[in-house]
Amino acid sequence: MTRGGTTVEPTADLNVRSDRIVVDRGELHVHINGAIPVSTVRDVLIAEKTELPVNFDLEHDMIRRVPSDSLASYLTPWKILRRFPKTRDSLDRLSLAVVAGLADNEVRFVELRSSVLYLSSLQQCSPAEALARLIESTGEAAKKHGVRRGLILTVTRGEGDSLALSTLLRAYEDLGSPSDVVGIDLAGNEETPYSPPLPTMFREAKDRFGLGVTIHAGETGRPENIRAAVELFGADRIGHGTAASRDPKVLELLATRGICVEVCPISNRLTGAVRSDETHPLLDLMAHGVPFVICSDNPGIHQRGLADDHAAAVAEGLPASALKEQYELAKRHSFMEDLV
């Protein structure tokens, strides 16, 4: 049996161990689009009469079961994931499916990430209207399944990233700074330069609105990106951060400042952030006193949920005693209020 790219001998209690020890779970790093089940993707595409890209095979290209050649290859599903939902009905359908999957994994609270602006374009509405629809749709789904949820607004590195953040924050303000929005996130290829004003904009948004800051950093082997996320962007949490183990000073920085790393063991293996011949860096984080929470990233694409990521963390060497602490750690480092 393979867990997160690491081959382990089958044990009768591996999945049971994760499920029984961790009754309640908190999810701090999951992308809405990456959490949509393939069956729901298919249903929405049919309902909206959306054509697949040339040579795109839904069964093959939407699912990741083995490590990809590159991060770009891993992200192939987004060729189709950015083509829907075009209607509110479709948005509601995918929101219900995403939250249902989380509830099935005993997730009690979740911070859902979305770029939002693509939704505005697809549904031909203003960014504020798109954000309002997302708040309402995910809120209704969360209420139905008994899951608390917050939203994190994501921008992607590259040309126009500062404009995208400015547009998202304006939409947030236009809606009266709703408490549903709890944080902002920077994602995308770390080899792509971000615009010079972006770090200051993140810090100002944090100070002005009290939003949490999480940055995808150190997923592509550059520990200096993690340092920049903390020192320039004011990051409260780091997404993935697998490169931290390559620089003791970065590990010390994270530990000293109590910066939580969102560890996604299955995703880290599938993207190639952690190679099959490497030990997962979560053990180094633990050894250096860096706080971390186990997350699922894109469970719909992996066809495995947070319970599987917890089991994968155990297979990677995380002691069961540390796994027991995950729910409280997730509450402590969440951007949502009144969880503790």
Looking only at lysines whose Cα falls under 22 Å of residue 144's and that sit 8 or more positions away or on another chain, we get 331
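What is the percent of Cα-Cα separations in segment 224-332 that go past 24 Å?
On the way: 1090 of 5886 pairs.
That tail contains 19 percent of the Cα-Cα pairs.
From the helices alone, meaning DSSP H stretches of at least four residues, give me the mean residue ellipticity at 222 nm for the chain, per-run term -39500 (n - 2.57), in deg cm²/dmol to the nearest 500. Please report the intermediate quantities before stating the final value.
On the way: 18 runs with 157 residues, N = 340.
It comes out at -13000 deg cm²/dmol, rounded to the nearest 500.
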Highest GNM mean-square fluctuation among 308, 24, 69, for the chain with Cα springs under 10 Å, belongs to 69
Among 130, 321, 216, the residue whose Cα sits farthest towards the positive end of the charge dipole of segment 2-333 (+1 at Cβ of Lys and Arg, -1 at Cβ of Asp and Glu, taken about the Cα centre) is 130
Diffing segment 238-253: the Karplus 3J(HN,Hα) column from phi (6.51, -1.76, 1.60, θ = phi - 60°), in whole Hz with x for Gly and Pro, holds 10, x, 6, x, 5, 6, 4, 5, 8, 9, x, 5, 5, 4, 5, 4
GNM on the chain, Cα springs under 10 Å; top mean-square fluctuation among 176, 317, 212 goes to 176
Connecting every pair of Cα atoms under 10 Å apart in the chain and solving the GNM, the largest mean-square fluctuation among 161, 57, 277 falls on 277
In nm, the gap between the two label points placed 7 Å beyond Cα toward Cβ at residue 249 and residue 79 is 4.2
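To the nearest 20 debye, what charge dipole does segment 159-312 have about its Cα centre, counting +1 at the Cβ of each Lys and Arg and -1 at the Cβ of each Asp and Glu?
Values: 13 positive and 23 negative charges, 48 e Å.
About 240 debye.
For segment 266-340, run through the trypsin sites (Lys or Arg not before Pro) and keep only the ones in DSSP coil with at most 16 other Cβ atoms within 10 Å of their Cβ. It would help to have the intermediate numbers written out before the result.
On the way: sites: 269, 275, 304, 324, 331, 332; in loops: 275, 304, 324.
The qualifying sites are 275, 324.
Using a cut-off of 13 Å between beta-carbons, work out the net charge of the residues near residue 290 (Lys and Arg +1, Asp and Glu -1, residue 290 not included). Present the calculation step by step, with values, prior to reporting the outcome.
Details: positive: 237, 249, 257; negative: 247, 252, 262, 284.
Residues close to residue 290 contribute a combined charge of -1.
Quick one: work out the % antiparallel among DSSP beta bridges in the chain, nearest 5. It would help to have the intermediate numbers written out before the result.
Numbers: 2 of 34 bridges.
That works out to approximately 5 percent antiparallel.
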Farthest towards the positive end of the dipole of the chain, among 225, 290, 41 and with Cβ unit charges of +1 on Lys and Arg and -1 on Asp and Glu, lies the Cα of 41
In whole angstrom, the spacing between the Cα centers of segment 177-208 and segment 22-77 equals 25
Which of (i) 25.2, 77; (ii) 18.7, 54; (iii) 23.6, 76 gives Rg and Dmax of the Cα atoms in Å as computed here? It is (ii)
The farthest towards the positive end of the charge dipole of the chain, of the residues 201, 52, 268, given +1 on Cβ of Lys and Arg and -1 on Cβ of Asp and Glu, is 52
Taking GluC sites (Glu not before Pro) as exposed when in a DSSP loop with at most 15 other Cβ atoms inside 10 Å, the chain has its longest clean stretch at 52-158
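Coordinate-derived values only; no laboratory data. Every value quoted in this text rests on a predicted model; they were computed, and no experiment measured them. Counting neighbours? That spans all protein chains shown, and the Cβs are built from the backbone with ideal geometry, glycine included.
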